[in-house]
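Right, one structure below, let's go through it.
The values are calculated or read from the model by the stated rules, or taken from the named source; none is laboratory data. Bear in mind that the values here come from a model prediction, so they are computed numbers and not experimental data. Ideal geometry is used to build each Cβ from the backbone, glycine not excepted, and the neighbour counts take in all protein chains shown.
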Amino acid sequence: MQKQITQVVQTCSKCGKTIATPDEGGTGYALDEEKNTVCYACCAIQDHEYMLEHGIIDLYLIMQEGGGWVIQNWPGTLVIPVVRISEGRHNIAGIQRHVWFRYGGEDWHGIQVGNLSEVCRCKQMLRSVG
């Protein structure tokens, strides 16, 4: 007996795109603070706007398969190359990574703590990284 998969179809509240649940993993959409459905492409737009308006955001520090580090949002639709990275000790988590990158014409700094999380707290810098 074959297991029948029911596909869920949603509509993005931002762009109106129809989103069908992918065959392999994930939902194909996120929910914003008001529980509205948002497609992954619109997630990148919202994160971009939030960064420029607030100068702070939680993103993810990811080691790419081919090498090199990037900062990205949860669905991976906003990807920013890291300019510089340094590792240091952390008194509780053992390790912390500091990253520097450019976004929206500005310099940014991020801190990721430990090896059990990819979450990186990113803040716009007040001075240039050179």
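Worth a mention:
- Among the conditions (1) among the charged types (D, E, K, R); (2) touching a helix residue (DSSP H, G or I) at 6+ places or on another chain (Cβ under 6 Å); (3) closer than 18 Å to Gly110 by Cα, the only one that Glu87 does not satisfy is (2).
- Residue list for segment 23-63, filter: loosely packed, with under 14 Cβ neighbours inside 10 Å and on the phi > 0 side of the Ramachandran plot: Gly25, Gly26, Lys35
- Reported count of residues in segment 80-112, each being among the polar types (S, T, N, Q) and in a loop (DSSP other than H, G, I, E, B), is 1.
- Of everything listed in (1) of a type in the set (Gly, Ala, Ser); (2) modelled with pLDDT of 90 or more; (3) on the phi > 0 side of the Ramachandran plot, the single unmet condition for Gly114 is (2).
- Annotation note: of Glu65, Glu49, the sole residue that is closer than 30 Å to Val9 by Cβ and without any contact (Cβ under 8 Å) to a residue 12 or more places away in the chain is Glu49.
- So Val99, is it at pLDDT 95 or above, among the β-branched types (Val, Ile, Thr) and either in contact with a Pro (Cβ under 6 Å, 6 or more places away or on another chain) or surrounded by 15 or more Cβ atoms within 10 Å (Cβ to Cβ) (or both): yes
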